[in-house]
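Take a look at the structure set out below.
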Amino acid sequence: MYRMYLRAGRLREKEQEFVVSISHELRTPITVIRSASSNLAQGVVHGDEKVGKYGTIIQEQAERLSRMVEGILTCAGLSSGNKVTESEIEVKAFFHELVKSIEPAAKKAGAEISVDVNNVPEKIITCAMTLRLVTVNLLLNAIRDVLPEEEDLLHYWSLIRLFITCKNSSILVIQVEDCASGITEKETEEIFEPFVRGGRAVAGQKAGSGQ
């Protein structure tokens, strides 16, 4: 009972940290969208090229905001024991389309994502939203940590590899390989705990909520 009490206390602390972190993260894209849309509405921006640039900024931040909300709702639903909605997906097409959707973020960070889908069924039945959320989180983590410290972005290009395979004909295995510094051996013990973030990410004030 005492161990359960301590665990519950730690979870409450992590939830509080999560609320603070996610509030900050949600505020950032909202502020950017509000500023960019205000400039467009007031006619501050002129010319097709600049209008298109501002439109791209709004689109990127809206997609970022959508991913955050989707992640929060999915996390809350799974924690509450709610059943997920499953559907049939085409494996190769699903992952190639997923990677294509975050390619702009990768290129902006000086990275390229390669996709290797081998020995998998043509179609599987799963919760597409959860599968997408998990994979995108892994890839965005790799993108955020793509540059070693003091590395010159102009002379650096990183390759992030996404491997999709099937184990025992029934388990889909997702692996992301990157050049980031990774986490400490101690932190691997808490890697699946909710709202936990690595020490380097916290110290470097990098975006993330550990969900």
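None of the figures in this text is laboratory data; all of them are computed from the coordinates on show. Only a predicted model underlies this, so the values are computations on that prediction, with no experimental measurement involved. No Cβ is skipped: glycine too gets one built from the backbone with ideal geometry, and neighbour counts run over all protein chains shown.
Given the Cα-Cα distance of Lys53 and Ser38 and 0.36 nm per residue of separation, how much length would full extension add, in nm?
4.0 nm
If you count the DSSP beta bridges with both ends in segment 87-180, what percent of them are antiparallel, to the nearest 5?
So the antiparallel bridges in segment 87-180 amount to around 60 percent.
Pull out the extension gain between Val115 and Val173, defined as 0.36 nm times the separation in residues minus the alpha carbon to alpha carbon distance; nm, one decimal.
19.6 nm
Once the other residues with Cβ under 14 Å from the Cβ of Asn119 are scored (Lys, Arg +1; Asp, Glu -1), what is the net sum?
0
Over 25 Å between Cα atoms: which of Lys53/Lys92; Lys107/Lys186; Lys107/Lys167; Lys123/Lys167 fall into that group?
Pairs exceeding the cut-off: Lys53/Lys92; Lys107/Lys186; Lys107/Lys167.
Can you tell me the FRET efficiency between Cys166 and Glu97 if r is taken as the Cβ-Cβ distance and R0 is 22 Å, rounded to the nearest 0.05?
In this case the efficiency is close to 0.70.
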